[in-house]
Amino acid sequence: MNKSFVAAITLMTSLSSAALAGNSLLLETATEAVALKVANEVMQGGYKLLSVADMKKMIDAKEDMVLIDAHPPEEFVLAYIDGATNFGFQSNRNGKWEEDALGKTQEAYRKALGPDLNKKIVIYCGFVKCGRSHNAALWAKQMGYTNLYRVPGGISAWMDAGYPYKTQIK
């Protein structure tokens with residue numbers, strides 16, 4: 001085989017690998033950014049993370065817990081997990097209840113969470129980048145609840161896994 005032909009093939013292979021690696025690195029940096037965001041939120045929030053697979057096991061085992069969907073009502077009706085209580089929060093935390101809790105009261109949130117401050121509370125929203133579940137968990141923590149779990153993949157990961165969900169859309 002001609003040496004220049006082999007050299008050209010080698011060069012093209014190297015360049016395409018570098019180009020693909022470049023694209024992969026761009027995707028990897030995006031993944032890293034999301035992972036760091038979630039890790040920082042967990043450290044700030046003092047709650048635990050839960051996968052949708054583990055949440056499904058808990059639901060199937062009928063574990064005693066409160067399940068909170070942190071979407072605004074107009075999104076909750078589109079898709080939610082059976083048994084979830086809707087209590088909407090903003091994605092970006094302002095630290096002011098009136099702005100974060102979409103017009104509902106702390107008393108209403110306390111009622112949704114229940115009187116037992118140690119009861120397992122599982123909170124989800126839409127997807128990993130959504131901050132609603134983080135906001136909801138931070139407020140629950142601030143109100144004295146101690147056994148908090150956040151499902152970062154939310155309803156999107158739940159649906160991706162093929163798990164059943166409810167909708168109010170006809």
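Nothing in this text is a laboratory measurement; each read-out follows from the coordinates by a stated rule. The shown structure was predicted, so the numbers you read here are calculated from the model rather than taken from an experiment. FYI the Cβ positions are ideal-geometry reconstructions off the backbone, even for glycines, and counts take in every protein chain you see.
Tabulated values for the structure
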item: Coil-residue trypsin sites (Lys or Arg not before Pro) of region 96-136, DSSP, other Cβ within 10 Å capped at 12; result: Lys96
item: Potential lengthening between Thr85 and Glu98 on full extension [0.36 nm per residue; Cα-Cα distance subtracted]; result: 2.7 nm
item: Within-11-Å neighbourhood charge of Val128 [Cβ basis; K, R +1; D, E -1]; result: +2
item: From the C-alpha gyration tensor of region 31-170, square roots of 5λ in Å; result: 20, 18, 16
item: Förster radius 30 Å - calculated FRET efficiency between Lys57 and Leu36 (Cβ-Cβ, nearest 0.05); result: 0.60
item: Summed side-chain charge close to Pro164 - residues other than Pro164 whose Cβ falls under 10 Å, Lys, Arg +1, Asp, Glu -1; result: +1
